[in-house]
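The values are calculated or read from the model by the stated rules, or taken from the named source; none is laboratory data. Worth saying up front: this structure is predicted, and the values here are computed from it rather than measured. No Cβ is skipped: glycine too gets one built from the backbone with ideal geometry, and neighbour counts run over all protein chains shown. The area values use the complete protein model at the heavy-atom level, side chains included, leaving out ligands, DNA and RNA. Shrake-Rupley method; radii C 1.70, N 1.55, O 1.52, S 1.80 Å.
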Amino acid sequence: LKHQGISPNTISCYMRSLRTLWRSATSRLELEADNPFKNVFTGNAKTRKRSITIDDIRKLRQLVLPPDSFEALSRDVFLFSFYALGMPFVDVAHLCWSHIADNVIFYYRRKTSQPVKVHLEPCMIDIVNRYGCCSRDLIFPFISHPGESSEEQEYQLALNKYNRALKRIGRKAGIGCVLTSYVVRHTWASVAFSSNVELPVISRALGHTNTDTTLIYIREIDDNRLDEANRMLLENMGL
């Protein structure tokens, strides 16, 4: 997994799943005798900051890209994901017209099966109308054969192509952070937290089953905000 460039936290997630299976299939005596996961990392490594700023979002919106190009599609999907409470790319790629009713998107996260409800704002409607085609159930043109055996392969190819396009777009827009499909969720969580949105609300919006997972997304808080919080605390104490 390391050789393939998989991140430590993703590897840790795989190892925890394997460890759970191993424990289920192994007797208590064997568990105590020899644990093959004893020296395997199964924690959470501190990741580099993945979020971008509101100014960066504005740069993306203002970036001129060739119409009908995959880069234009990728930029619009990135923005749609941000507008839609940090919707993951896997859910965007599988978003259907049947998920929309009365100006509300309602879907279940494919990763956690958690229900998520998003009100359709005008900026989101513009993007949906730009790419949505009533001749197909899926709104965005990433998967052409949903429900068939080739669907997963199509999705993986689309994800790889999407991430490559985002890197090019980020450079063109002059954004310091390398854009990926993960950045948009970290960005929404960070912006929401900086806007004093409560942690449980952010957690629910992201479809997390545990607020500990949400904390990973907002761990990198701007030091200036910490300084401001400390200054306000001291001022309230009359110091």
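Conditions (1) at pLDDT 85 or above; (2) exposed (fewer than 13 other Cβ atoms within 10 Å of the Cβ), marked per residue:
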position	(1), (2)
Arg23	no, no
Ala33	no, yes
Asp56	yes, no
Asp91	yes, no
For Leu157, which of the numbered conditions (1) in contact (Cβ under 8 Å) with a residue 24 or more places away in the chain; (2) loosely packed, with under 14 Cβ neighbours inside 10 Å; (3) among the aliphatic types (A, V, I, L, M) fails to hold? (1)
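In the list Ser195, Ser203, Ser149, which residue meets the criterion of being more than 22 Å from Leu73 (Cα to Cα), crowded, with 19+ Cβ neighbours inside 10 Å and out of contact with any His (no Cβ under 6 Å at 6 or more places or on another chain)? Full working, then the answer.
Working: Ser195 fails: crowded, with 19+ Cβ neighbours inside 10 Å; Ser149 fails: crowded, with 19+ Cβ neighbours inside 10 Å.
Just one listed residue meets the conditions, Ser203.
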Being surrounded by fewer than 16 Cβ atoms within 10 Å (Cβ to Cβ), at pLDDT below 95 and not in a loop (DSSP other than H, G, I, E, B), is that true of even one residue in segment 64-78? no
All-but-one check, Arg109 against (1) within 23 Å of Ala165 (Cα to Cα); (2) surrounded by 13 or more Cβ atoms within 10 Å (Cβ to Cβ), failing number (1)
Counting residues that are more than 21 Å from Leu85 (Cα to Cα), which helices (runs of 4 or more DSSP H) fully inside segment 119-202 reach at least 2? 151-173
Can you confirm whether Ile143 is within 16 Å of Asp55 (Cβ to Cβ), open to solvent by less than 20 Å² (accessible area, probe 1.4 Å) and in contact (Cβ under 8 Å) with a residue 24 or more places away in the chain? no
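For segment 57-97, how many residues meet the condition of being of a type in the set (Gly, Ala, Ser) and over 19 Å from the mean Cα position of the chain (by Cα)?
Final tally of qualifying residues: 2.
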Residues located in segment 12-21, provided they are of a type outside the set (A, V, I, L, M, F, W, C) and open to solvent by 50 Å² or more (accessible area, probe 1.4 Å): Tyr14, Arg16, Ser17, Arg19, Thr20
